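Undergrad: Please read through the structure below; I'll follow up with questions.
Just so you know, all these numbers are worked out from the coordinates, no wet-lab data involved. Note that the structure is a prediction, hence the values are computed from the model and not measured. Note that each Cβ is placed from the backbone with ideal geometry, even for glycine, and that neighbours are counted across all protein chains shown.
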Amino acid sequence: MATNEKQFFGPLTLHQKSENPSIFKTDTPNECPCVLCDEVYVLPASEKQFLTHLFMEHRLVIGDANQIADLPGYMKYWKLRFKDQNLPFFCTTMLLDNKPDGTKSKNEEYFLLSDVLPEEKELRLNLRQSKLETLLERHAFEREDKEYSKECLFCRFVSNDTRASYLKHLYEKHNFHIAKPDNLIFIDDLIDLISSKLDKLQCIFCEGLFKDRTILKEHMRKKGHKRINPVNKEYDKFFLVNYIGDKHPVNKQKPYNMSSSSKMYNIKVREEEYEPDSNIDSDPEWSEWTEENGPLITCLLCEHTDVEYENILDHMEKKHEFSFSKATTGLNFYHKIKIVNYIRRLIHLKQCLACETKFDASNNLEKHLKEMKHWILKKEKWDQPEYYFPTYEDDLFLCFIHDEDESWWSGDEREVENQNSMSDNISKEMAMAVLGD
């Protein structure tokens, strides 16, 4: 069936399955007042409803709210500040053609509160620093407390000394090494988490479930699974380095060339695990990049990925009989950006690029496009302002788009000229994402 109905959706990601909130966030219930009315929400349970309330009732969008270390403290601060000045004084004002409920209306005002404002950025840093100081106090207590009493995970031994002594027993008697005590925080919760998994007959490393404790024990011994999985994000909050941060990533990524215009799209590359023992004399920005661990570029028409842009173009020509270069010949940078985002959106919706027929499966759409050769991209369809914004927020394909007469490395002067445009576009993109939700 063909359809002209537009569908809106929030920001998508090609290589990430979920958002990563600030590690400083806790599950402890905390009342949070609305900054503009008397409504009160209990966070973090009602965080989504709270942010929805701000948007629907007050047209206020909080930039990167999931990265704020202390959202209730953040809101209390702005509730006081908004008594002195109105929203436009602190926020970026945007004019959009939608009301909060999605109905069309010209030049509707929305307000974005983000770290573009120096005061807001400083507040975020101060809240983070305050949280960090509290964590360091907790860490110091765990190191010095000598009244920690806990039964061993694997035997009937009961430790009545420090937490370090307890961890030492696990390592020396049972060959179970979690980490050095100085690197851990919230050790009580960590031990309780591991204990709960063992009680459920669940492997600590691979998370597999077993019929009885004997089979689980044998599995963990033979497979070398008497350790926690470093890839499991569930354990991140127990390692102090994840709060303090580290400048030396283990899996460094290849420095792809980007034109200054493409930087406005704020393409996000996944942050990898950090290794505290990295060489402090090495250059973290350039050393040891390899082809194998570079960020992946995704085909416009299917889920095929590659680290090389040219390989993706070849793949589209050979498998899909679609030439992106020919389809965009003579077009400028912004037109190419719109075409990529237009194709991404229609492929996500399983909709033909030419006839707009919708399909129930991606493979049926691929077959239709190839057989019917529906590669004609109508300008009145893709040349719309909404396609300035990426369909996928981590779409690295956009990094390689540039004008045909432009070199990969643009001059500093052009970059300075685009800075204001970059801030405006990022702000609008965030607001459109909320509209989509």
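Undergrad: What is the Cα convex hull volume of segment 156-242 when expressed per residue in Å³?
TA: Hull volume normalised by residue count: 99 Å³.
Undergrad: Per residue of segment 311-320, what does 6.51 cos²θ - 1.76 cosθ + 1.60 with θ = phi - 60° give for ³J(HN,Hα)? Whole Hz please, x for Gly and Pro, Karplus curve as stated.
TA: Ordered by residue, 3J(HN,Hα) equals 5, 5, 4, 4, 4, 5, 6, 7, 7, 9 Hz.
Undergrad: Still on this structure: Tell me which residues come under 5 Å, amide H to amide H, from residue 98 once H is placed; ignore anything under 5 positions away on its chain.
TA: Long-range HN contacts for residue 98: 105, 108.
Undergrad: As an exercise, identify the trypsin sites (Lys or Arg not before Pro) in segment 120-208 lying in DSSP coil whose Cβ has no more than 15 other Cβ atoms within 10 Å.
TA: Passing both the DSSP loop test and the Cβ count: 146, 156, 200.
Undergrad: I've got another one for you. So if we plug the beta-carbon distance of residue 45 and residue 151 into 1/(1 + (r/R0)^6) with R0 = 51 Å, what FRET efficiency do we get, rounded to 0.05?
TA: Given R0 = 51 Å and the Cβ-Cβ separation, E is 0.95.
Undergrad: Each residue of segment 199-216 in order: what ³J(HN,Hα) in whole Hz does its phi give by Karplus 6.51 cos²θ - 1.76 cosθ + 1.60, θ = phi - 60°, with x for Gly and Pro?
TA: Whole-Hz 3J(HN,Hα) from phi for segment 199-216: 5, 8, 6, 10, 5, 5, 8, 8, 6, x, 9, 10, 6, 8, 5, 5, 5, 4.
Undergrad: For segment 114-207, evaluate the Debye formula with one uniform point scatterer on each Cα (no solvent term) and list log10 I(q)/I(0) at q = 0.11, 0.18, 0.20 Å⁻¹, rounded to two decimals.
TA: So the normalised log intensities work out to -0.45, -0.85, -0.97.
Undergrad: Hey, could you grab the Kirkwood Rh for segment 13-154? Inverse mean 1/r over distinct alpha carbon pairs, Å, one decimal.
TA: After inverting the mean inverse Cα-Cα distance, the result is 17.6 Å.
Undergrad: Another one. Of the cross-linked pairs 338/370; 25/168; 25/106; 336/367, which ones have a Cα-Cα span greater than 28 Å in the structure shown?
TA: Where the Cα-Cα span goes over 28 Å, the pairs concerned are 25/168; 25/106.
Undergrad: Amide H neighbours of residue 39 under 5 Å, at least 5 residues apart or on other chains, H built in the peptide plane: list them.
TA: 34
Undergrad: What list of ³J(HN,Hα) values in whole Hz, one per residue of segment 162-171 in order, does the Karplus curve 6.51 cos²θ - 1.76 cosθ + 1.60 (θ = phi - 60°) give from phi, with Gly and Pro shown as x?
TA: Once θ is set to phi - 60°, the couplings for segment 162-171 become 7, 5, 4, 5, 5, 5, 5, 4, 4, 6 Hz.
Undergrad: Quick one: if you stick a label point 7 Å off each Cα along the C-beta vector at residue 57 and residue 81, how many nm between them?
TA: 2.1 nm
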